[in-house]
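Before any comments, here is the structure.
The values are calculated or read from the model by the stated rules, or taken from the named source; none is laboratory data. Quantities reported herein were computed from a predicted structural model and do not represent experimental measurements. Every residue, glycine as well, gets a Cβ built from its backbone with ideal geometry; the counts of neighbours run over all protein chains shown.
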């Protein structure tokens, strides 16, 4: 399957620039997820790739074929781009049976009845809906409708698969299961895939690479672990999972340890980190994920990154405890799978290992 290359793509709606010069390559056979809040431009890029929107500037390739070039006036119609797409709403036709929905792309390509039957049976088998072939969409569940949409998207062996928030209309349990089904299907097909979502957990599970977007711009790209543990700026750190920020100034760097003087309203002191990316005097955000804050009912042995605190809130979420602790006058979010033998209102200690403190530069 070919790669998809997008270069200097710009799309405007009146005075609003929805996509502001995006450059991105989706490697052959990989899943790259465009992740960001509503209005960041991720779905607009997908629609430009599909041919449903005409970009104002830029170029798009599938392999060696240019499918869009604003300067050369090249703009292939959607049906000539050889892409399968699954929409957020599934867009299955209510008057057609499951079989007829899946067969439709083949029939408009004027394939023989025998080939249509073979391809539809294969596609239904791949997504596990063979027994639904004679039902109307109104007689199947939301998850089954989604499988119909997937089968229709892959039935003609497209070179690229485009997925526009395909799980957003499913309940939480089904959505979690379908993530793995999508990943298994993509790996089986080896098809180059662009996935659009605002759900960071979905992006983490499904992606070979994640492209974080905001206001029409590509903010950071990398594999899910790199994005999570090495966010480039405050926006990425805050959008990818939950996080605590402590503003401060780098004081010293000695023996692979960086000391940051905290300058946070309601909290003073210093915090140690093994991150040594910034020189002394640089303003930074010392950033800590909730799962990296340890809660102790007695004082830990280490004095470094240890503070007395008050447990303000403690909620049991099934697999973990979600808590708010107050250190001096600063509230911090904590999460742990371990039982914390303390109730809300109790005095506790928090400890953060230096390796778990990320630094983000401030302007």
Filtered residues of region 192-217 (kept if under 19 Å from residue 6 (Cβ atoms), surrounded by fewer than 22 Cβ atoms within 10 Å (Cβ to Cβ) and touching a strand residue (DSSP E or B) at 6+ places or on another chain (Cβ under 7 Å)):
208, 209, 217
Could you tell me which residue of region 164-183 is nearest to the chain's Cα centre (by Cα), considering only residues that are part of a helix (DSSP H, G or I) and under 24 Å from residue 226 (Cβ atoms)?
179
Among the numbered criteria (1) at pLDDT 90 or above; (2) out of contact with any helix residue (DSSP H, G or I) (no Cβ under 6 Å at 6 or more places or on another chain), which single criterion is violated by residue 277?
(1)
Here is a check on your reading of the model: is residue 191 over 16 Å from the mean Cα position of the chain (by Cα) and over 30 Å from residue 26 (Cβ atoms)?
no
Being in contact with a helix residue (DSSP H, G or I) (Cβ under 7 Å, 6 or more places away or on another chain), surrounded by 22 or more Cβ atoms within 10 Å (Cβ to Cβ) and closer than 30 Å to residue 204 by Cβ: is that true of residue 185 here?
no
Going by the conditions given, is residue 96 modelled with pLDDT under 95, under 23 Å from residue 222 (Cβ atoms), in contact with a helix residue (DSSP H, G or I) (Cβ under 9 Å, 6 or more places away or on another chain) and assigned to a loop (DSSP other than H, G, I, E, B)?
no
Considering region 73-120 alone, what residues qualify as being surrounded by fewer than 13 Cβ atoms within 10 Å (Cβ to Cβ) and within 21 Å of residue 3 (Cα to Cα)?
77, 79, 80
Name the residue, out of 359, 311, 317, that is touching a residue at least 40 places away in the same chain (Cβ under 8 Å), on the phi < 0 side of the Ramachandran plot and under 34 Å from the mean Cα position of the chain (by Cα).
359
Using the structure shown, decide if residue 350 is touching a strand residue (DSSP E or B) at 6+ places or on another chain (Cβ under 8 Å), in contact (Cβ under 8 Å) with a residue 40 or more places away in the chain and surrounded by 19 or more Cβ atoms within 10 Å (Cβ to Cβ).
yes
Test residue 176 against the criterion of being closer than 18 Å to residue 146 by Cα, in contact (Cβ under 8 Å) with a residue 24 or more places away in the chain and surrounded by fewer than 22 Cβ atoms within 10 Å (Cβ to Cβ), and give yes or no.
no
Is it true that residue 131 is touching a helix residue (DSSP H, G or I) at 6+ places or on another chain (Cβ under 8 Å) and either assigned to a helix (DSSP H, G or I) or within 30 Å of residue 227 (Cα to Cα) (or both)?
no
Out of (1) crowded, with 19+ Cβ neighbours inside 10 Å; (2) closer than 18 Å to residue 214 by Cα; (3) touching a helix residue (DSSP H, G or I) at 6+ places or on another chain (Cβ under 8 Å), what's the single condition that is false for residue 4?
(2)
Flag if residue 161 is within 18 Å of the chain's Cα centre (by Cα) and either at positive phi or in contact (Cβ under 8 Å) with a residue 40 or more places away in the chain (or both):
yes
Does residue 241 qualify as being surrounded by fewer than 20 Cβ atoms within 10 Å (Cβ to Cβ), under 11 Å from the mean Cα position of the chain (by Cα) and over 18 Å from residue 43 (Cα atoms)?
yes
Kindly indicate whether any position in region 229-238 is under 15 Å from residue 354 (Cβ atoms) and touching a helix residue (DSSP H, G or I) at 6+ places or on another chain (Cβ under 6 Å).
no
Please give the number of the condition residue 300 fails out of (1) more than 25 Å from residue 229 (Cα to Cα); (2) surrounded by 12 or more Cβ atoms within 10 Å (Cβ to Cβ); (3) within 27 Å of the chain's Cα centre (by Cα).
(3)
Taking only region 317-362 into account, find how many residues are assigned to a loop (DSSP other than H, G, I, E, B) and farther than 22 Å from residue 269 by Cα.
14
